[in-house]
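The values are calculated or read from the model by the stated rules, or taken from the named source; none is laboratory data. Remember, it's a predicted structure, so these values are computed and weren't measured experimentally. Counting neighbours? That spans all protein chains shown, and the Cβs are built from the backbone with ideal geometry, glycine included. Each accessible area value is taken on the protein alone, full model and side chains, heavy atoms only, with ligands, DNA and RNA left out. Shrake-Rupley method; radii C 1.70, N 1.55, O 1.52, S 1.80 Å.
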Amino acid sequence: MGNVKAYILLITSIGKELDVVNDVKKLNGVRDATPVYGEYDVVIEVEAPDLNELNKTINQIRRNSSIIRTVTLISM
């Protein structure tokens, strides 16, 4: 089985979008992070060898105090 990929949609504190993007791009497993307009503020692409490693990366992302809410979409 190949790597597990997920997309994480974030709502951040007002004005913190770019700070969050810069912070999460430093994390292992984060392939891309970009600010967006609309209901969510940031979209992150994460890739890991298995669900356990994916969960570790997601937990690291969620520790950021500027993130209000996350929605994780695991790719099929």
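Filter region 1-20 for residues that are in a strand (DSSP E or B) and either without any contact (Cβ under 8 Å) to a residue 40 or more places away in the chain or among the hydrophobic types (A, V, I, L, M, F, W, C) (or both) and give the result.
Keep residues of region 1-20 that are in a strand (DSSP E or B), which gives 4-12.
If the condition is that a residue be in a strand (DSSP E or B) and either without any contact (Cβ under 8 Å) to a residue 40 or more places away in the chain or among the hydrophobic types (A, V, I, L, M, F, W, C) (or both), then V4, A6, I8, L9, L10, I11 are the ones that fit.
Taking the conditions exactly as written (of a type in the set (S, T, N, Q), open to solvent by less than 50 Å² (accessible area, probe 1.4 Å) and assigned to a loop (DSSP other than H, G, I, E, B)), does N64 satisfy them or not?
yes
Would you pick out the residues in region 21-55 that are in a helix (DSSP H, G or I), touching a residue at least 24 places away in the same chain (Cβ under 8 Å) and not hydrophobic (A, V, I, L, M, F, W, C)?
D23, E53
In region 67-76, how many residues are farther than 19 Å from D19 by Cβ and exposed (fewer than 15 other Cβ atoms within 10 Å of the Cβ)?
Residues in region 67-76 being farther than 19 Å from D19 by Cβ and exposed (fewer than 15 other Cβ atoms within 10 Å of the Cβ): 5 in total.
Give me the residue from region 1-59 that is closer than 18 Å to S75 by Cα, out of contact with any Ser or Thr (no Cβ under 7 Å at 6 or more places or on another chain) and small (G, A, S) and, out of that set, least open to solvent (accessible area, probe 1.4 Å).
So the residue we want is A33.
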